[in-house]
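Engineer: Quick one: structure below, then a few questions.
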Amino acid sequence: MACPTQFLCRSLRTVGLVLFYYVFSIGITFYNKWLMKDFHFPLFMTLVHLVIIFCFSTLTRFAMQCWTGKPRVTLPWKVYLSKVAPTALATALDIGLSNWSFLFITISLYTMTKSSAVLFILFFSLVFKLEEPNPFLILVVLLIASGLFMFTLKSTQFNLEGFIMVLLASFIGGIRWTLTQVLMQKAELGLQNPIDTMYHLQPLMFLGLFPLFLLNEGLSVSTTEKLFRVSELSHLLYTLVTLSVGGMLAFGLGFSEFLLVSRTSSLTLSIAGIFKEVCTLLLAVEFMGDKMSTVNWLGFVVCLSGISLHVGLKTHYNKGNGHMVRQLPVRDNPDLELPLLQTKEDYCEDTNDEEEHEILY
């Protein structure tokens with residue numbers, strides 16, 4: 001049994017990791033929205049972020065290799081193109097459309113619509129047989145769908161074009177996370193570690209999004225005074241710095257999620273995500289001028305109830321009461337058992353946690 005000091009340290013560590021996750025998750029949402037007010041090239045911004053994430057992933061892999069003394073996995077070209085490409089394309093479209101929508105919609109509408117991704121993740125999880133059918137899932141779908149309908153019905157700042165973009169991004173996001181789970185479950189690929197997955201995804205994501213960028217923004221970016229036709233070097237440096245900050249936030253988000261799951265549990269990440277949505281909406285109303293009616297707030301509560309029920313069901317079934325979700329074989333993966341920045345003492349202590357290292361999607 002853990003002593004009070006150990007319990008306090010573990011609690012403080014969890015709170016710190018959650019706050020670390022909040023900084024990047026909420027920060028990148030508001031940062032991208034702020035940047036889109038003056039820099040109207042979301043696809044170019046996304047491409048820059050992908051390059052930065054790839055660079056940081058490479059450095060992180062090198063640090064992990066030095067830490068463990070074992071070489072990181074590198075997939076052969078044939079396997080890389082056939083197995084990773086579908087996931088990379090879906091991820092690129094999800095992120096690209098999400099960033100693109102910031103040109104048209106408010107943060108509150110974006111946050112609410114993005115919550116509908118749970119519906120599509122459930123759908124594709126059932127299609128790919130990653131999740132077993134359950135009657136309670138019907139209630140989850142009804143709650144989330146009803147909440148989204150109520151939120152958009154009386155929205156005074158509704159924009160159809162931006163809403164369709166986010167909804168499409170959520171739909172593709174369902175495919176993305178399902179394919180990501182399949183990708184990470186394939187033990188022969190050795191991509192159970194999210195850092196390795198991020199490293200392998202970024203180049204194909206860049207190639208997948210680049211044609212869409214050329215079609216929609218290529219000419220505009222090549223003639224804008226913010227980049228290639230800049231008159232003063234200081235303006236160019238300012239643009240590059242602002243884009244780089246967003247890229248670092250994007251990498252930090254993925255890395256903070258990895259740390260939170262590996263040092264606590266996926267349940268902690270799921271619950272933290274629910275409260276993150278509430279914090280995002282409150283901040284958007286307070287600082288970004290988003291307007292929400294009583295019906296909007298009620299719809300948001302209904303949607304969060306559906307998401308909370310979904311999290312509760314996963315928790316219930318993964319404590320031995322059933323088999324709703326197929327678990328990843330994380331116990332066979334030393335990278336998830338000994339994540340970056342974890343000491344040997346922490347590892348010995350953490351192996352006693354029953355829910356440690358469960359990966360849920």
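Engineer: So, in the range 86-110, exactly how many residues are open to solvent by 30 Å² or more (accessible area, probe 1.4 Å), among the aliphatic types (A, V, I, L, M) and in a helix (DSSP H, G or I)? Write out each step before concluding.
Structural biologist: Let us first name the residues in the range 86-110 that are open to solvent by 30 Å² or more (accessible area, probe 1.4 Å), namely 86, 89, 93, 95, 100, 103-104, 110.
With among the aliphatic types (A, V, I, L, M) added as a condition, the list becomes 89, 93, 95, 103.
Filter once more, so that each one left must be in a helix (DSSP H, G or I): 89, 93, 95.
Number of matching residues: 3.
Engineer: Okay, moving on. Taking Thr60 as the residue in question, decide whether it is among the hydroxyl-bearing types (Ser, Thr, Tyr), in contact with a helix residue (DSSP H, G or I) (Cβ under 6 Å, 6 or more places away or on another chain) and farther than 29 Å from Lys291 by Cα.
Structural biologist: Values: among the hydroxyl-bearing types (Ser, Thr, Tyr): yes; in contact with a helix residue (DSSP H, G or I) (Cβ under 6 Å, 6 or more places away or on another chain): yes; farther than 29 Å from Lys291 by Cα: yes.
So Thr60 fits the description; yes.
Engineer: Among the residues of the range 129-142, are any of a type in the set (D, E, K, R) and within 27 Å of Asn216 (Cα to Cα)? Step through it out loud before you land on a result.
Structural biologist: Pass one, the range 129-142, residues of a type in the set (D, E, K, R): 129, 131-132.
From what's left, within 27 Å of Asn216 (Cα to Cα): none.
So far as the range 129-142 goes, no, none of its residues is of a type in the set (D, E, K, R) and within 27 Å of Asn216 (Cα to Cα).
Engineer: Suppose we filter Leu8, Leu75, Leu12 for residues that are more than 30 Å from Thr224 (Cβ to Cβ), at pLDDT below 90, of a type outside the set (Ser, Thr, Tyr) and open to solvent by less than 30 Å² (accessible area, probe 1.4 Å); which single one remains?
Structural biologist: Details: Leu8 fails: open to solvent by less than 30 Å² (accessible area, probe 1.4 Å); Leu12 fails: open to solvent by less than 30 Å² (accessible area, probe 1.4 Å).
Selected residue: Leu75, the only one of Leu8, Leu75, Leu12 that is more than 30 Å from Thr224 (Cβ to Cβ), at pLDDT below 90, of a type outside the set (Ser, Thr, Tyr) and open to solvent by less than 30 Å² (accessible area, probe 1.4 Å).
Engineer: Can you pull out every residue in the range 208-228 that is in contact (Cβ under 8 Å) with a residue 60 or more places away in the chain and either open to solvent by 30 Å² or more (accessible area, probe 1.4 Å) or closer than 16 Å to Pro86 by Cα (or both)?
Structural biologist: Gly208, Leu209, Phe210, Leu212, Asn216, Ser220, Lys226
Engineer: Applying the selection to the range 198-223, what residues are farther than 26 Å from Thr58 by Cβ and part of a helix (DSSP H, G or I)? Don't jump to the end; show me each part of the working.
Structural biologist: Start the filter on the range 198-223 by keeping residues that are farther than 26 Å from Thr58 by Cβ, which leaves 215-220, 222-223.
Leu215, Asn216, Gly218, Leu219, Ser220, Ser222, Thr223, listed by residue number.
Engineer: Just one of (1) touching a Gly at 6+ places or on another chain (Cβ under 6 Å); (2) on the phi > 0 side of the Ramachandran plot trips up Gly69, so point out which.
Structural biologist: (1)
Engineer: Take the range 163-194 and flag every residue that is within 19 Å of Phe128 (Cα to Cα), assigned to a helix (DSSP H, G or I) and open to solvent by 30 Å² or more (accessible area, probe 1.4 Å).
Structural biologist: Phe171, Ile175, Arg176, Trp177, Leu179, Val182, Gln185
Engineer: Exactly one condition in (1) closer than 26 Å to Leu43 by Cβ; (2) of a type outside the set (Phe, Trp, Tyr); (3) outside any helix (DSSP H, G or I); (4) modelled with pLDDT under 85 is false for Thr113; which is it?
Structural biologist: (3)
Engineer: Let me ask something else about it. Select from the range 60-72 the residues that are outside any helix (DSSP H, G or I) and open to solvent by 100 Å² or more (accessible area, probe 1.4 Å) and list them in ascending order. Full working, then the answer.
Structural biologist: Residues of the range 60-72 outside any helix (DSSP H, G or I): 69-72.
Scanning the range 60-72 gives Lys70, Pro71.
Engineer: Okay, moving on. What about Phe62, is it free of Cβ contacts under 8 Å to residues at least 40 places away in the same chain and either closer than 18 Å to Ala92 by Cα or over 21 Å from the mean Cα position of the chain (by Cα) (or both)? Break it down into steps so the answer makes sense when it comes.
Structural biologist: Details: free of Cβ contacts under 8 Å to residues at least 40 places away in the same chain: yes; either closer than 18 Å to Ala92 by Cα or over 21 Å from the mean Cα position of the chain (by Cα) (or both): yes.
Yes: the conditions hold for Phe62.
Engineer: Identify, from the list Lys33, Lys37, the residue that is open to solvent by 80 Å² or more (accessible area, probe 1.4 Å), under 30 Å from Leu281 (Cβ atoms) and either among the basic types (Lys, Arg) or out of contact with any Ser or Thr (no Cβ under 9 Å at 6 or more places or on another chain) (or both). Walk me through it before giving the result.
Structural biologist: Details: Lys33 fails: open to solvent by 80 Å² or more (accessible area, probe 1.4 Å).
One residue alone meets the criteria, Lys37.
Engineer: How many residues are within 20 Å of Leu93 (Cβ to Cβ) and not hydroxyl-bearing (Ser, Thr, Tyr) if we restrict to the range 12-32?
Structural biologist: The qualifying residues number 2.
The values are calculated or read from the model by the stated rules, or taken from the named source; none is laboratory data. Fair warning: this is a prediction, and the values are worked out from it, not measured in the lab. Positions of Cβ are backbone-derived with ideal geometry, glycine not excepted, and every protein chain shown enters the neighbour counts. Only protein heavy atoms, including side chains, enter the accessible area calculation; ligands, DNA and RNA are left aside. Shrake-Rupley method; radii C 1.70, N 1.55, O 1.52, S 1.80 Å.
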